[in-house]
Structures are given as structure tokens and as C-alpha cells.
Amino acid sequence: MAKNIVFPGSVCGRLLRAGKITEDQLDEALEIQKTNRALIGTILVELGYCTEEDIARALAEKTFTKFISINEMGVNMSVASLITPEMATRNNILPLYEENGTLYVVMKNPNDIITIDDLKRITGYDVKPLVATDTELNAAIENFVNVSSNVSQYDEEEEEIEDTLTDEEFSLDDKPAVQLINQIINNSVRAGASDVHIEALEKHMRVRFRIDGVLQEVMTNPLKIYNSAVSRVKVIGGMDIAEKRIPQDGRATVRFDDRIFDLRIATLPTVYGEKVVLRLLERRSESLRLKDIKFSPRQVDRFVAAINKPYGFILVTGPTGSGKSTTLYATLAEISTNEKNTITLEDPVERRMPGINQVQMNNRAGMTFAAGLRSILRSDPDIVMVGEIRDSETAKIAIEAALTGHMVLSTLHTNDAPTAITRLDEMGVEPFLTASSLVGVLAQRLLRRLCKNCKEPYTLSREEVKNILPDFPFDQFPDKNEFTFYQPKGCLTCNNTGYKGRQAVFEFLTVTEEMRQLILRRATGIEIRDLAQTQGMLTLRQDALYKIIEGETSIEEMLRVVV
């Protein structure tokens, strides 16, 4: 028998009538509420007696409103922007869509007549409340606030931009462009973007962010503001505003919420106007370790053995944006000690590391990788990190440094580990120098990680897997006829992409005596690969397959990134 009176039409009464909770469970929750001011629904969910959806559906039934899933319907940001982020947060509401002159708004309290009247007055629409779970509503509001971040807040940070003009030095006509670029940079930082693309199309201006390696359109604007916006970016990057016929490069430093970002800026003339690309590189002071980048346990021992040799040359290869610099920083954190003199040559210095001498390249002043490498070899280094092997001169000096008792780390742009060896040959490095100095080559890629909140399982038969993934490691599952994989679905947490964050996959080629013989006779990349695999090298694709088996990523993502 219930100890407390419960009205049949209340949320709790409806939960009881629907069999979602028992009277004893309700009594327990009400007793807890006497000492805990939380909502009764929240207590019931925390006790595990019902779900958030049960509560939301009961509330919808009580208030004669419709229950919806924001994850499934999505949010129309242009409709959501009819209200301010402050109003959304203060009242726990978010407009979802408009239909036939009616604005449909998710509300935590659909009986809030005052807020409904305010919405009618502000938007000019009739308002119809909707109900969703608190988790979905909170996530949607947070996402809306991040995307619609306050531009004036970033204007206060404007004085933190180094070597640029202030807003007052712009004409009043350019003020909207100043605010627009501030908002774009602000939003890109909040979204975790690595690159920002600002482009002029035939009829409008488009802004795209590269998030987790994939471009996503985030904003469109009238074309009339485009030239002013490009000029603003050029001013920030110290570039020539008047020159629009040739590509230009610039750089700047901005501060955002106590985080410092280096911006690399590039412009490119197109038929509709100059395209602008900004690359965001955050300066970080915390030290990374190999465990932080989740180096594959199947390969980490071979790599650690190579980097702990007293001298030699180690290359990290992969395309731009594949995480090579992050791996190098983690490697330096593993091997650099107080007893060793570590010097790096970088362009730019992306992460400040304590106890390491980091040198910023300056091509205009003649401080190139080759020139800097010659200089630091006279500074008694034990470990040298060269940001990138860009030419044959830098390659030869780096290899000679490795031969004279230094541990040299660097990056190279090749598709896999075996072709890095043939690439050095093409750059004019003699095979006997490569064979004598090279310790190992690490190739890597970044795969998007499936969102943990919404990834969906599905099964494939053994034959289906053979057709899709002929190189699948079936020998490790001799008795298994069905395999479970995961695919992206999309929710508010992952911005409806199905993916959130990225992880690296690796292949590490160890230079053995047999490998040196192949290098000396200028063997092809295929021959080098075959020998490396017989000696235990796990390829990028094989490492990615293990990530698929573990449910970390999808088959589609592997096929997108790894050949």
C-alpha cells in the first residue's frame, strides 16, 4: 500500500498506471526527496526504476504535448537561432522547426505559459511545446550555445591577437566583417576544428570546418560581406590586402579561453574570389606519452626498442594531418631525459615541452631546416627532431647526423613505411647511407572513432565478411560463423556524424640486416614490404581491421582512409 497520496493524472500516477514503477519504488523515491530537493523523476531514474524516456512520455501525456527524440529529428539551427543562447539556457527550451506558421519548441516545462508568451512576442510565431528527454534537450542546448557563441565575448579577446590591427583601426563599414571572422574563429575552436575554409561561391559565401578529418559546412553568408571578411583575415595574418591575384601565406597568434592558437593562413585566387584556409594549431604545455596516443599494443614494443637505441634515424610518415607531430612529441617525452641534450627544429612549434630546446624556423631570415640542422649539430645534441624532411639537403644532413652518434627523428610525406625508403633514394640519398643509419619507419593514419552514445551493432556472416574484407584475420576466429561490427548512426553528442574523436593506426618497419641488403641493392617498395611483413610488420590496414573488430571504428571509415 502506498504511503503517499498520488494523483492519477500526475506524472507519477501515469507511471504507476503504465506499470513503469511500483508503489514501493515510488514511496522510496518520495522518502529520498524529503532530504534531497531533486525532482522525483530524476530520483526514479537514478534509482534505476524507470528511464528518462518513461518520465518524458508521461509528462507529454499529462500536458497533452507530443514526445519526440531530438536525436532522430535533428535541430534546424536557423530556426533555433530565432532565440538567443541565453534564453535557451535560462528557460531550458530550444526551437526545433517551423511548420505552417507554428514554431515547435522543446521545453523542459511545457506548461510554462510565460515563456510561451515571450516566444510568441519575440518570434512572431504561434508556439507549440514539445517534450524530449532531459539528456537530449541539455545536449541540444549546449550544442546550440557552442555554435551560436557570443561574438562580443570574442571581441574582448581581440586585443590578444598579436601583430594585427584593432577593431578601431578598421572602418565602420568593416565592423560586421570583424565580428564575422571573430565568430568563425571562436566557433572553430569550440568545435575542435583543425582547418577553416572560407570560400566564395557563385551566389553566397560558405564556411566549412574540418572536424575529425572531414569537412563540414557550418555557415553561409551573403556574398557582399566576403571581400571585407577576406581583408580582415589578411590583416590578422600580416598579408597584403591589395594583392588579390596571387596566393599569399600569413600567420597569427590568437588567445581563446586561456588557450593559445597559432593560425597558418593561406589565400588562393579563384573565379569567384579568394579562397581562405586557416589551420589552427594549439600551443600545449602538457607532455604527451606514447600511452596517451594509444599506440597499438601489437606494435609498441618494436617501436619502443627502436627509439631507445643510442643513435640512428627514425622516420614517421603519412599525409598532412595524420598525427605525425603528435607521435614525435610523445616519442620525445619517452626518450628525453636530463642527461640528454634534446633540440628540435619546428615550423611552427606546436607544443611547448619542458627541458627541450625548441627552435622555430624562419625561412625569410634564412633559418631553414637544412641551415638549422647544420647549426644545432655544433650544439652538442644527443637527440635531434627535424619537423619535416623537405629536400635532399635536409635528408642528407639528418642521415649524416645519425651516423655520427645522434638519435634523429623526422617526418616524411609518403603513403606507407616501405615507400619512405624508396623516397629517400629518389631524394638523392645514397643507399649505403640509408642502410647504415635508418633504424625504423613508422607510418600512420587517423581514423574517426565511432560515437559511443549512438553506434549500432550489426552482424555479417563469414562469407559476407570474406567478400567485403578478404584480408580479415579469419585464422584467429576458426570456429566463428558470424561477426558483429558497428556502424555510425548519429546523435547530438557527435553532431549527427556518428563519429566523435579520432585514433591512430600504425605500421612500423624495423630495419634488420636482411632489410639493409634490400636497401643496398635498391629494391622496390613491394619487395621491402614483403620482407617487412614476413618479419612481423603489421600493415596499416591490418591494424585498422583490429580497430574494427574491437568496435572502435567502422568498415566504411577504414575503407575511406586506408588503401
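Just one residue in the set T484, T497 is part of a strand (DSSP E or B), β-branched (V, I, T) and either under 24 Å from G318 (Cβ atoms) or touching a Phe, Trp or Tyr at 6+ places or on another chain (Cβ under 9 Å) (or both); that residue is T484.
Looking across the range 377-410, just one residue is under 30 Å from the mean Cα position of the chain (by Cα) and basic (K, R), and that is R390.
Please enumerate the residues belonging to the range 470-493 that are without any contact (Cβ under 8 Å) to a residue 12 or more places away in the chain and either surrounded by 13 or more Cβ atoms within 10 Å (Cβ to Cβ) or of a type in the set (A, V, I, L, M) (or both). Within the range 470-493, F477 is the sole residue that qualifies. Contact annotation: residue pairs with Cβ atoms under 6 Å, 6 or more positions apart or on different chains, pairing a residue in the range 283-304 that is at pLDDT 75 or above with a partner that is in a loop (DSSP other than H, G, I, E, B), are Q299/L538. Please work out which one of (1) free of Cβ contacts under 8 Å to residues at least 40 places away in the same chain; (2) open to solvent by 20 Å² or more (accessible area, probe 1.4 Å); (3) over 19 Å from the mean Cα position of the chain (by Cα) is the condition G250 fails and give its number. Going through (1) free of Cβ contacts under 8 Å to residues at least 40 places away in the same chain; (2) open to solvent by 20 Å² or more (accessible area, probe 1.4 Å); (3) over 19 Å from the mean Cα position of the chain (by Cα) one by one, G250 breaks only (2).
One residue alone among T419, T414 is under 30 Å from Q533 (Cβ atoms), touching a Lys or Arg at 6+ places or on another chain (Cβ under 6 Å), touching a residue at least 12 places away in the same chain (Cβ under 8 Å) and not aliphatic (A, V, I, L, M), and that residue is T414. Just for the range 390-412: of the residues that are in contact with a helix residue (DSSP H, G or I) (Cβ under 8 Å, 6 or more places away or on another chain) and assigned to a loop (DSSP other than H, G, I, E, B), which one is most open to solvent (accessible area, probe 1.4 Å)? Filtering first and then ranking leaves R390. Quick check, is A532 over 24 Å from G213 (Cβ atoms) and either in contact with a helix residue (DSSP H, G or I) (Cβ under 6 Å, 6 or more places away or on another chain) or not in a loop (DSSP other than H, G, I, E, B) (or both)? Yes, satisfied.
Residues in the range 7-17 that are out of contact with any Gly (no Cβ under 9 Å at 6 or more places or on another chain) and open to solvent by less than 70 Å² (accessible area, probe 1.4 Å): G9, S10, G13, R14, L16. Residues that are closer than 15 Å to L540 by Cα and either open to solvent by 30 Å² or more (accessible area, probe 1.4 Å) or touching an Asp or Glu at 6+ places or on another chain (Cβ under 7 Å) (or both) within the range 417-469 comprise A417, T419, A443, L446, L447, R448, listed in sequence order. Among the conditions (1) under 33 Å from the mean Cα position of the chain (by Cα); (2) surrounded by 14 or more Cβ atoms within 10 Å (Cβ to Cβ); (3) of a type in the set (V, I, T), I32 misses just one, which is (1). Taking the range 494-536 as the range and being crowded, with 21+ Cβ neighbours inside 10 Å and over 21 Å from the mean Cα position of the chain (by Cα) as the test, the residues that pass are E507, F508, L509, V511, M515, L518, I519, I528, A532. If the condition is being open to solvent by 70 Å² or more (accessible area, probe 1.4 Å) and of a type outside the set (A, V, I, L, M, F, W, C), then the range 61-75 contributes E61, K62, K66, E72. Name the one entry in A398, A330, A305 that is hydrophobic (A, V, I, L, M, F, W, C) and farther than 26 Å from P431 by Cβ. Exactly one residue qualifies, and that residue is A330. Counting only strands (runs of 3 or more DSSP E) that sit completely within the range 276-389, those holding 1 or more residues that are more than 17 Å from L412 (Cβ to Cβ) correspond to 342-346, 357-360, 383-386. Scanning the range 39-60 for residues that are aliphatic (A, V, I, L, M), open to solvent by 30 Å² or more (accessible area, probe 1.4 Å) and either assigned to a helix (DSSP H, G or I) or within 21 Å of N109 (Cα to Cα) (or both) yields L39, I40, V45, I55, L59. Of the residues screened, A305 is not one that is of a type in the set (A, V, I, L, M), over 24 Å from L446 (Cβ atoms) and in contact with a Leu (Cβ under 8 Å, 6 or more places away or on another chain). Give the residue that is surrounded by the most Cβ atoms within 10 Å (Cβ to Cβ), with candidates limited to residues of the range 265-282 that are at pLDDT 90 or above and among the charged types (D, E, K, R). Among residues in the range 265-282 that are at pLDDT 90 or above and among the charged types (D, E, K, R), the one surrounded by the most Cβ atoms within 10 Å (Cβ to Cβ) is E274.
The values are calculated or read from the model by the stated rules, or taken from the named source; none is laboratory data. The shown structure was predicted, so the numbers you read here are calculated from the model rather than taken from an experiment. Please note: Cβ atoms are built from the backbone with ideal geometry, for glycine as well, and neighbour counts cover all protein chains shown. Quick note on the areas: whole protein, heavy atoms, side chains included, nothing else; ligands and nucleic acids left out. Shrake-Rupley method; radii C 1.70, N 1.55, O 1.52, S 1.80 Å.
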